[in-house]
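Each remark here refers to the structure printed beneath this line.
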Amino acid sequence: MDKKYKNCQSCGMPLKKDEKGGGTNADGTKSVKFCSHCYDEGKFTQAEMDVDQMKSFVKGKLKDMGFPRFLGGFFTMNIPKLERWK
């Protein structure tokens with residue numbers, strides 16, 4: 001059985017917050033690992049991004065959404081531990 005993930009294994013976003021319900025695999029099925037912002041049709045949407053760029057990107061998104069800076073740091077500190085970056 002596939003492991004159930006609570007968060008995107010690329011950016012760390014809670015998958016239940018994904019308005020599309022997750023990214024898509026190459027065969028059109030829903031990805032259980034990655035959100036629709038990071039993964040589409042079996043490919044990473046920002047394949048050239050490294051882990052530090054992803055952390056900066058997510059911090060910027062959180063700031064745009066009105067989260068305090070310290071929370072941006074808190075929410076992004078585990079990004080290097082996610083499966084995409086191992």
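Which of the residues spanning the stretch 61-84 are closer than 14 Å to Gly12 by Cα, without any contact (Cβ under 8 Å) to a residue 40 or more places away in the chain and assigned to a helix (DSSP H, G or I)? Within the stretch 61-84, Lys61, Leu62, Leu71, Gly72, Gly73, Phe74, Pro80, Lys81 meet the criteria.
Each residue in the stretch 28-42 was checked for being farther than 19 Å from Gly60 by Cβ and under 11 Å from the mean Cα position of the chain (by Cα), and 3 pass.
Yes or no, residue by residue, for (1) more than 12 Å from the chain's Cα centre (by Cα); (2) aromatic (Phe, Trp, Tyr):
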{"position": "Asn7", "(1), (2)": "no, no"}
{"position": "Glu19", "(1), (2)": "yes, no"}
{"position": "Ala26", "(1), (2)": "yes, no"}
{"position": "Phe44", "(1), (2)": "no, yes"}
{"position": "Val51", "(1), (2)": "no, no"}
{"position": "Lys61", "(1), (2)": "no, no"}
{"position": "Gly66", "(1), (2)": "yes, no"}
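Considering only the stretch 33-50, I want to know if a residue exists there that is without any contact (Cβ under 8 Å) to a residue 12 or more places away in the chain and among the hydrophobic types (A, V, I, L, M, F, W, C). The answer is yes; a qualifying residue exists. Count of the stretch 5-59 residues, restricted to those that are exposed (fewer than 12 other Cβ atoms within 10 Å of the Cβ), touching a Leu at 6+ places or on another chain (Cβ under 9 Å) and more than 17 Å from Thr76 (Cβ to Cβ), is 0. Which residues, counting only those in the stretch 1-32, are part of a strand (DSSP E or B) and in contact (Cβ under 8 Å) with a residue 24 or more places away in the chain? Hit for the stretch 1-32 is Asn7, nothing else. Considering (1) more than 12 Å from the chain's Cα centre (by Cα); (2) of a type in the set (Ser, Thr, Tyr); (3) under 20 Å from Lys16 (Cβ atoms), the lone condition that Ser56 does not fulfil carries the number (3).
A short reminder: the numbers here are calculations on the coordinates, not readings from a lab. Values in this document were obtained by computation on a predicted structure and should not be read as measured data. So basically every Cβ, Gly included, is an ideal-geometry build from the backbone, and we count neighbours across all protein chains shown.
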